[in-house]
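Colleague: One structure, as structure tokens, below. Some questions next.
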Amino acid sequence: MGTETQAEEYYPRKGGLRTMPFIIVNESFERIASYGLSPNMIIYLMTYYQMSAATAGSILGIWSALSNGLAIVGAIVSDSYLGRFSVVAHGSIFTLIGMIILWLTAMIPQLNSFSCSQFQHVCNGTTVVQLAVLLSSFVFMSLGTGFVRPCSIIFGADQLERKENPETQRLVDSYFNWYYASTGISTILAVTTIVYIQDRYGWQVGFGVPAILMFLSVIMFLIGSPLYIKVKAKESLLIGLLQAAVAAFRKRNTSIPLTDSDDYYHLPIESEISTPSNDFRCLNRACMIQDPQRDLNPDGSASNPWNLCSLEQVESLKALIRVLPMWSTGFIIFVDMNVFSFSVLQTKTMDRHIFPHFEIPAASFSVFLIIALTIWLSFYDRVLVPLLSKYTGLPRGLSPVTRMGIGLIVSCTSMALSAITESIRRRRAIEEGHEDDPSALVNMSAMWFVPQYALLGVAEAIHAVGQIEFLYSLLPKSMSSIASAMYNIGTAVPSLFGSILVSGVDWLSSTGGKTSWLSSNINRGHLDYFYWLLSFLSLLNFFYFLAVCRCYEPGNDGSSRFSHVAEEKQCNYRLLPESS
């Protein structure tokens, strides 16, 4: 009888382990399909839409920024309106629609300008309609990604978590391990198998396979619908933070009285916070009760949450503001990763053979980044942490801030090495007479590019995990979802900045009739100069990081210049960055 009761706790009528195949397959197929499209996309845009390398790079940067930035929209819609199941389902369908539209651009000659440039003497280039269809596919896929990514992993945890049974936490931890393992494998398959299909069988098949996988992803997720626990939507913490900011702004002309707990509105729950903290005192106005008759309902709740919010909301907003400077120091790594799409143009001109009859697709070299990231995470966790913890006394070997700084230095080194490698490749191409032929093969192995890919993967692994632990240690436990959302925004903002940087460099370097650094003919351009620029910006960012670190150092009285100094805590696995 006891065994049956225990089994019922682990395998209830709704949720449980039997829902995991549907959720993990949905996420895995979505990643294989989505990530398989990105590596070669710059080649597709330049070939089928007659775009320059700089224009294609800028569009891909905006696409990446939109995909990551919409994660905030997905989280708010999920928490406040539709619930996680509906958001994941709708997001999967949006992604499928976008992939079908993209596949149609390769299938229907009228939807691209490739046939025009190949078979007509007079060609007006890409039309507005053709460009609109292409961009609509990106918008649908971005919306789908923004809905699925922030909700899928938490939706899976909803199926296993049981507050009345703490033993299920073991199942949740196991689920996180399997989830991240599946996303890593999916990413590797995407940048190898899907990219190989595109190179070997063309765009029609190469875009058709991801669309089919996405269709199977949607079907698989919907088949499991009767088994899912579907948590209802409730008030979003993000909305609560916005309410605190709006309320403080509305009361900006109100004087702040002495800190008396009776003057401030508290949530009707037990809380250790009785008075607001002294930093960012202007925000304290948001929770001030000016007129109890007007501000409060008969039951003691706030009559207008956009004019009066709780002290707990104000302190959560302050905690968010405290981590923003350190969070912003990580932007440059993702700028480096996003503009690295130009490396496809480089490896495409080089010898990519590992064996005499096996050649690595140019866009598949990003697999070395993923492999390096995975190896470093395992090596640090299993080998370095036990050794370093003996000397530092910290459970994780090095503090999160130290790891973030190391990641920034490694990223800077990666860009410098990329600049050196490109200068060598370009010089050889010119010496061999390929200055006017960017598609000609240079007598140089593409394996030269493996070290910078590997260094960039290590940089992301070191910095990103350190950043997540830093956010988790400074933010209240109730804001764990905010930490996850901040990671997504931290990849969206650099994508947008990278797109602007590419456009700016292309414009400035081509003034006066000169050849742009980012010319489509990379043998005439100067990608090496562009990588040196990124290396210089990375170095400047590291000095900015050192300046920010001083804000978190404890003063002579033992207190931090920012309240709530980060403590060593166990990192929440659901916040860890996924392989990218």
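Colleague: Looking at segment 351-366, which of its residues are in a loop (DSSP other than H, G, I, E, B) and farther than 19 Å from residue 418 by Cβ?
Modeller: Step one: list which residues in segment 351-366 are in a loop (DSSP other than H, G, I, E, B), which gives 352, 356-357, 360-361.
Answer for segment 351-366, where residues must be in a loop (DSSP other than H, G, I, E, B) and farther than 19 Å from residue 418 by Cβ: 356, 357, 361.
Colleague: Could you give me the residue pairs with C-beta distances under 6 Å whose first residue belongs to segment 71-82 and is without any contact (Cβ under 8 Å) to a residue 24 or more places away in the chain, whose second residue is polar (S, T, N, Q) and surrounded by 23 or more Cβ atoms within 10 Å (Cβ to Cβ) wherever it lies, and which are 6+ apart or on separate chains?
Modeller: Close Cβ pairs (under 6 Å, with a partner that is polar (S, T, N, Q) and surrounded by 23 or more Cβ atoms within 10 Å (Cβ to Cβ)) do not exist here.
A quick yes/no check of all residues on (1) outside any helix (DSSP H, G or I); (2) open to solvent by less than 20 Å² (accessible area, probe 1.4 Å); (3) closer than 22 Å to residue 460 by Cα:
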| position | (1), (2), (3) |
| --- | --- |
| 490 | no, yes, yes |
| 497 | no, no, yes |
| 512 | no, no, no |
| 516 | yes, yes, no |
| 524 | yes, no, no |
| 531 | no, yes, yes |
| 543 | no, no, yes |
| 550 | no, no, no |
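Colleague: Condition check: β-branched (Val, Ile, Thr), over 30 Å from residue 408 (Cβ atoms) and buried (at least 16 other Cβ atoms within 10 Å of the Cβ). Does residue 314 satisfy that? Walk me through it before giving the result.
Modeller: Details: β-branched (Val, Ile, Thr): yes; over 30 Å from residue 408 (Cβ atoms): yes; buried (at least 16 other Cβ atoms within 10 Å of the Cβ): yes.
Here the answer is yes, as residue 314 does meet what is asked.
Colleague: Another question about this same structure. Among the helices (runs of 4 or more DSSP H) contained in segment 173-292, which hold 2 or more residues that are among the polar types (S, T, N, Q) and at pLDDT 85 or above?
Modeller: On the way: elements: 195-201, 203-223, 237-250.
In segment 173-292, 203-223 are the helices (runs of 4 or more DSSP H) which contain 2 or more residues that are among the polar types (S, T, N, Q) and at pLDDT 85 or above.
Colleague: Take residue 397 and tell me if it is open to solvent by less than 20 Å² (accessible area, probe 1.4 Å) and within 20 Å of the chain's Cα centre (by Cα). Give the steps one after another, and end with the answer.
Modeller: Numbers: open to solvent by less than 20 Å² (accessible area, probe 1.4 Å): yes; within 20 Å of the chain's Cα centre (by Cα): no.
Answer is no for this residue.
Colleague: Out of the residues in segment 401-416 that are open to solvent by 40 Å² or more (accessible area, probe 1.4 Å) and of a type in the set (S, T, N, Q), state the one that is farthest from residue 456 (Cα to Cα).
Modeller: 402
Colleague: Looking at 419, 483, 454, can you tell me which residue is at pLDDT below 85, small (Gly, Ala, Ser) and under 28 Å from the mean Cα position of the chain (by Cα)?
Modeller: Answer to the selection: 483.
Colleague: Of the numbered conditions (1) modelled with pLDDT of 85 or more; (2) in contact with a Pro (Cβ under 6 Å, 6 or more places away or on another chain), residue 74 satisfies every one except a single condition; which is it?
Modeller: Result: residue 74 passes all but (1).
Colleague: Let me ask another. Which one of 117, 67, 113 is modelled with pLDDT under 85, hydroxyl-bearing (Ser, Thr, Tyr) and open to solvent by less than 30 Å² (accessible area, probe 1.4 Å)? Give the derivation first.
Modeller: Numbers: 117 fails: open to solvent by less than 30 Å² (accessible area, probe 1.4 Å); 67 fails: modelled with pLDDT under 85.
That would be 113, the only listed residue that is modelled with pLDDT under 85, hydroxyl-bearing (Ser, Thr, Tyr) and open to solvent by less than 30 Å² (accessible area, probe 1.4 Å).
Colleague: Being over 20 Å from the mean Cα position of the chain (by Cα) and either without any contact (Cβ under 8 Å) to a residue 60 or more places away in the chain or part of a helix (DSSP H, G or I) (or both) narrows it down to one of 369, 408, 387, 373, so name that one.
Modeller: 387
Colleague: I'd like the full set of residues that are of a type in the set (A, V, I, L, M) and over 29 Å from residue 465 (Cβ atoms), limited to segment 316-361.
Modeller: Narrowing segment 316-361 to residues of a type in the set (A, V, I, L, M): 317, 319-321, 323-324, 326, 332-333, 335, 337, 339, 344-345, 350, 354, 360.
Of everything in segment 316-361, those that are of a type in the set (A, V, I, L, M) and over 29 Å from residue 465 (Cβ atoms) turn out to be 345, 350, 354.
Colleague: Given the residues 358, 379, 331, 365, which is the only one that is among the aromatic types (Phe, Trp, Tyr) and open to solvent by less than 40 Å² (accessible area, probe 1.4 Å)? Break it down into steps so the answer makes sense when it comes.
Modeller: Details: 358 fails: open to solvent by less than 40 Å² (accessible area, probe 1.4 Å); 379 fails: open to solvent by less than 40 Å² (accessible area, probe 1.4 Å); 331 fails: open to solvent by less than 40 Å² (accessible area, probe 1.4 Å).
Within the list 358, 379, 331, 365, the selection yields 365.
Colleague: Only residues in segment 225-253 that are among the aromatic types (Phe, Trp, Tyr) and open to solvent by less than 40 Å² (accessible area, probe 1.4 Å) count as the first member; pair them with residues that are outside any loop (DSSP other than H, G, I, E, B) and modelled with pLDDT of 85 or more, Cβ under 7 angstrom, at least 6 apart or cross-chain, and list the lot.
Modeller: Short answer, once both residue conditions are applied: 228/85.
Residue-by-condition table, conditions (1) in a loop (DSSP other than H, G, I, E, B); (2) at pLDDT below 90; (3) in the same structural domain as residue 51 (by the TED database):
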| position | (1), (2), (3) |
| --- | --- |
| 87 | no, yes, yes |
| 90 | no, no, yes |
| 97 | no, no, yes |
| 103 | no, no, yes |
| 121 | yes, yes, no |
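Colleague: Please determine whether any residue of segment 336-347 is closer than 26 Å to residue 492 by Cα and outside any helix (DSSP H, G or I).
Modeller: So far as segment 336-347 goes, no, none of its residues is closer than 26 Å to residue 492 by Cα and outside any helix (DSSP H, G or I).
The values are calculated or read from the model by the stated rules, or taken from the named source; none is laboratory data. Owing to the predicted nature of the structure, the values given are computational and were not obtained by experimental measurement. No Cβ is skipped: glycine too gets one built from the backbone with ideal geometry, and neighbour counts run over all protein chains shown. The accessibility values were calculated without ligands, DNA or RNA, using every heavy atom of the protein model including side chains. Shrake-Rupley method; radii C 1.70, N 1.55, O 1.52, S 1.80 Å.
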